[in-house]
């Protein structure tokens, strides 16, 4: 048994180390938003289904054939190591569809090793059941999920801060080699221990077939409920992750916590038959779900810590009930590969619903309430099917039905309530964008929202619609750079590059003969900025927009010999509080420098509720030979100006010594201990505690 435990533990640990490793590698290439991780999760879940399907098929073969086939997959996987997508091959071309590109990239680069690892849990449990027919293999599944949980928790706090991506791939590859040896020892155990030879001798030359003692046949209803319960748990995971990222904060740490709770529910439920108490969790589920519905209805009016706690508590309760019901309905161990195949198929269906179907079907984040509706209906149906309601008070089932109706009303109302105030709503791979009209004490405004985050505002009144608002007030770092650049005093035009369009507020600073070139990854933002806001149309400057990831576009321009010679570059491409890491690495600062005139200025918006980016920017700027300054400007609500923190980088001594600028500067923070590169970046040291 120790050999099987070690093998399944190592395989699951490597599996869940591979997910963040590869996700971290490709995340910056596609804008760094939550949809990138959601798409990766779809691949991981479909890969799990493929792995379980392979294990189910292989389990019907003789042990010798299993050893030959699985050994071939292990050898082929070893040949493909290390697993590290090559940037020069896989970086997407500007304008390419993100989701298909991500799926193709993952399938090509990690498909075979990932498939092999996914097959580990059911296949090793099948070998265990064959080698130890009187012992239940389901306990090994709990060990598998403990390993997954440890891998997931260790990555952001241990692996990522200590190792570069290149070294992570190397260490992972050595781990995969050890796993391959352990797996080979498992499958060959009967031969190595002599039991295989004994079986041949005692059965007239025919190997012993322990798997003939099968349990009851699996019905179509069993398969359906396994699919539904597994799909609901998977959909809850991704829907809650999206809800946290869109309404609370888009920071990678919040991607890890929901997945960890999801796995932890598997650990508890599969530990033994008594771990899941149906009555207890039947009470806790509505107990946790009611606060989640309240927070969902109140939105940003609820404090950040409370939102995180409530959403995660509801997720854990939902997963416990779904996975607990799965455990209660599991089949005889001889049919475990069919059971795991159904679980993986349901997980893939749930993931595809949230990541692929929901963006196409809904114009808002309906997947969160819809998933809860489906979960509650499925759980009630499972309870009814098992006879639970026949043993309970007669009023319990009508009460459950009324609770589901109340859940639908409570969670649908907040999404429908936006309608009277919403001018435009659109959804694509990068999220939901909503233009809202509202009346404030300072006048009527039009606001661009990304989830619950404001991306720009404009006064509707003609006399005020040309005011610089949000993070671009005259006293902000970007405003000072545009107003005090020495070329302004000489009445010379400016060439301004802006990474991140928003509503185009910064264009109000444009003068005749100026050029403002915007780099925007989300085409819907460009459409809204041109059709629903007038900053671009009202600007006296010449306006250009380029659609795609800013870094990829800037690198392509250098390759084609089109150095932009910007006087000012403004970097404000942070969706909500998400950090596109590739826009803040040493290599990217070198790209900025090649597009900048010798006396140019780089202005970077470091306003962030959760991360202190200023030390990192100081380190990167000074390494590139820039003089660095920090500007913090207060809010001015009557004029629609937010509190803003900016870092200014320049080699222009005249600008940095300007008295008007120096009177606005704030003390520089200490430099970061380690700069970011394309091969290394860790958000953990920058978190504001």
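No value in this document is a laboratory result; all are computed from the given coordinates. Keep in mind the model is a prediction, meaning the values are calculated, not measured. Note that each Cβ is placed from the backbone with ideal geometry, even for glycine, and that neighbours are counted across all protein chains shown.
Numerical summary
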{"item": "Angle between the chain longest axis and helix 138-154 axis [Cα atoms, degrees, rounded to 10]", "result": "20"}
{"item": "Shape category assigned to segment 468-686 from the gyration tensor of Cα positions, a/c cut at 1.5", "result": "rounded"}
{"item": "Helix 550-559 vs. the chain, principal-axis angle (Cα, 0 to 90°, nearest 10)", "result": "70"}
{"item": "Simple label model, 7 Å out from Cα along Cβ direction - residue 60 to residue 489, nm", "result": "8.3"}
{"item": "Taking the C-alpha atoms of the chain, convex hull volume expressed per residue in Å³", "result": "151"}
{"item": "Packing-based ranking, highest mean first, of 381-388, 432-439, 661-668, 351-358 given that Cβ atoms within 10 Å are counted", "result": "351-358, 432-439, 381-388, 661-668"}
{"item": "For the chain, calculated [θ]222 nm from helices alone, where every DSSP H run of n ≥ 4 adds -39500 (n - 2.57)", "result": "-17500 deg cm²/dmol"}
{"item": "Contour excess over end-to-end distance, with Cα ends at residue 422 and residue 653 and 0.36 nm allotted per residue", "result": "78.5 nm"}
{"item": "Residues residue 298 and residue 405, FRET efficiency given R0 of 25 Å [Cβ-Cβ distance, rounded to 0.05]", "result": "0.75"}
{"item": "Cα gyration tensor shape for segment 1-207, rounded if a/c is under 1.5, else prolate or oblate", "result": "prolate"}
{"item": "Mean Cβ neighbour count within 10 Å, used as a protection proxy, ranking 147-156, 326-335 highest first", "result": "147-156, 326-335"}
{"item": "Approximate shape of segment 217-417 as ellipsoid semi-axes (Cα gyration tensor, √5λ), whole Å, largest first", "result": "27, 20, 16"}
{"item": "Residues 379, 559, sorted so that the one with the fewest Cβ neighbours within 10 Å comes first", "result": "559, 379"}
{"item": "Protection proxy ranking, peptides 505-511, 126-132, average beta carbon neighbours within 10 Å, highest first", "result": "505-511, 126-132"}
{"item": "Percentage relative contact order, segment 468-686, counting C-alpha pairs under 8 Å, at least six apart", "result": "22"}
{"item": "Segment 217-417: relative contact order as a whole-number percent, Cα under 8 Å and 6+ apart", "result": "37"}
{"item": "Point-to-point label distance, residue 637-residue 69, nm (Cα→Cβ direction, 7 Å offset)", "result": "6.7"}
{"item": "FRET efficiency for residue 171 and residue 687, using Cβ-Cβ distance with R0 set to 22 Å, rounded to 0.05", "result": "0.35"}
{"item": "On Cα atoms only, tilt of 336-352 relative to the major axis of the chain in degrees", "result": "20"}
{"item": "Within segment 385-402, backbone nitrogen closer than 15 Å to the virtual label 7 Å beyond the Cα of residue 279 toward Cβ", "result": "388-394, 396"}
{"item": "Spacing of the two label points (7 Å from each Cα toward its C-beta) at residue 544 and residue 306, in nm", "result": "5.0"}
